[in-house]
Amino acid sequence: MKKVISIITAMLMLPASAVGVIPMQDNSLHAYAVDFAELADQAAARVNVEREKQGLAPLQCSVALNNAAMIRCHELEIQNEHTRPDGTKYDTAIDEALNGAFYSFYAENIATGMTTAQQAVDTWMSSEIHSGNILNPDLEYLGIAVYEGEGVYYWTQLFVGGCDPLSDLYLPELKEEPGYLLGDLNGDQIVNSGDAAAILSAAALIGSGAESGLTPEQESAADVNADGNINAGDASLVLSYAAESGTGYTGTLEEYLAENFEFLNF
């Protein structure tokens, strides 16, 4: 495990914002019944879309590096930085995963708060440091994972290049993400109290004169009563629907509103 050359962002003692850290985005979004392995694979597939745009070879995913990335995700819940809780650098997780295999180049991207693969990749690509790692031609292999702790999503990408051949490789197939259902702000295809909390959070931001913190798709999903505003009334409708769903109601939010709130014209 000789690392003769490493990615500069992994070598220098730079501020956290310059070494591949995306700060926490707390939108009070909670996920349920999420396939986190598939979510990570879809982020990897979208990373390769960005590399293809630049004429770069795709990053092959490594099962061993994915496992190391998941370890790092759990560690981020304790200490959200590139140094591990035991005081060692993040690349020791790569060393452990590759069992002493040689590699020359390495890097790590981390992020907290994004709930979809596209959000995660878009956030990384909006940063010069993170996108530089994603688009680095010297990097060949990727480990990626996402973990939810206390309703917060933690993401890790581990990159290596110039290394001994790995045997556990695969290329994730790109799939389209489902759109946002009405009232579903975290894209998990379930409308519940977590979404109502997110609507209230966005409404508070708007009420203070700030931006909602939502994407256009989320804003459309948040405007439950279709009045052009995001406010407590929308959250109240979501909570009412969530309570009804808890008693066995199986219809969609639109169906529930049409049956119980005729004035909304659903």
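The values are calculated or read from the model by the stated rules, or taken from the named source; none is laboratory data. Everything numeric in this text was worked out from a predicted model, so none of it was measured. Positions of Cβ are backbone-derived with ideal geometry, glycine not excepted, and every protein chain shown enters the neighbour counts. For accessibility, only protein heavy atoms count, side chains too; no ligands or nucleic acids. Shrake-Rupley method; radii C 1.70, N 1.55, O 1.52, S 1.80 Å.
To the nearest 10 square angstrom, how much accessible area does residue 247 have with a 1.4 angstrom probe?
Near enough 110 Å² of accessible area.
Between residue 50 and residue 247, what length comes free when the chain is fully extended (0.36 nm per residue of separation minus the Cα-Cα distance, one decimal in nm)?
Gain in length upon complete extension: 66.5 nm.
Of 225, 189, 74, which is farthest towards the positive pole of the chain's charge dipole, taken about the Cα centre with +1 and -1 on the beta-carbons of Lys, Arg and Asp, Glu respectively?
Highest projection toward the positive end goes to 74.
Which FRET efficiency value, to the nearest 0.05, do you get for residue 63 and residue 126 by plugging their Cβ-Cβ distance into 1/(1 + (r/R0)^6) with R0 = 35 Å?
E(calc), rounded to 0.05, equals 0.75.
Take the alpha-carbon centre of the range 32-70, take the same for the range 243-261, and report the distance between them in whole Å.
So the separation of the two Cα centres works out to 36 Å.
Give me the one-decimal nm value for the distance between modelled label points at residue 176 and residue 138, 7 Å along each residue's Cα-to-Cβ direction.
4.0 nm
Leaving out ligands and nucleic acids, note down the accessible area per residue over the chain with a 1.4 angstrom probe, in whole Å².
46 Å²
Run the dipole for the chain about the Cα centre, Lys and Arg Cβ at +1, Asp and Glu Cβ at -1, nothing else charged, and hand back the magnitude in debye, nearest 20.
Using only the charged Cβ atoms, the result is roughly 1100 debye.
Just name one of 243, 131, 172: the one whose Cα is farthest towards the positive end of the charge dipole of the chain (beta-carbon charges, Lys/Arg +1, Asp/Glu -1).
After comparing all options, I get 131.
What order do you get for 71-81, 194-204, 160-170 when each peptide is scored by the mean count of other beta carbon atoms within 10 Å, highest first?
On the way: 71-81: 17.5, 194-204: 22.8, 160-170: 15.5.
Going by the mean number of other Cβ atoms within 10 Å, highest first, we get 194-204, 71-81, 160-170.
Compare 70, 114, 125 in a GNM of the chain, Cα atoms joined below 10 Å, and give the one with the largest fluctuation.
Looking only at 70, 114, 125, the largest GNM fluctuation is found for 125.
Subtract the Cα-Cα distance of residue 229 and residue 217 from 0.36 nm times their separation in residues, and report this length gain in nm to one decimal.
2.9 nm
Would you kindly state how much longer the chain becomes between residue 205 and residue 88 on full extension, computed as 0.36 nm times their sequence separation minus their alpha carbon distance, in nm to one decimal?
Extra length from residue 205 to residue 88 when fully extended: 38.3 nm.
If you average the sequence gap of Cα pairs under 8 Å that are 6 or more apart and divide by the length of the chain, what percent do you get for the contact order?
With pairs under 8 Å counted, the relative contact order is 23 percent.
Sort 104, 126 by accessible area with a 1.4 Å probe, largest first.
So, going from the largest accessible area down, we get 126, 104.
In the chain, what percent of the accessible surface is made up of carbon and sulfur (1.4 Å probe, ligands and nucleic acids excluded)? Before the final figure, lay out the partial values.
Working: 6590 of 12280 Å².
Summing carbon and sulfur atoms, their accessible area is 54 percent of the total for the chain.
Can you pull the one-decimal nm distance between simple spin-label points at residue 164 and residue 38, each 7 Å off the Cα toward Cβ?
3.5 nm
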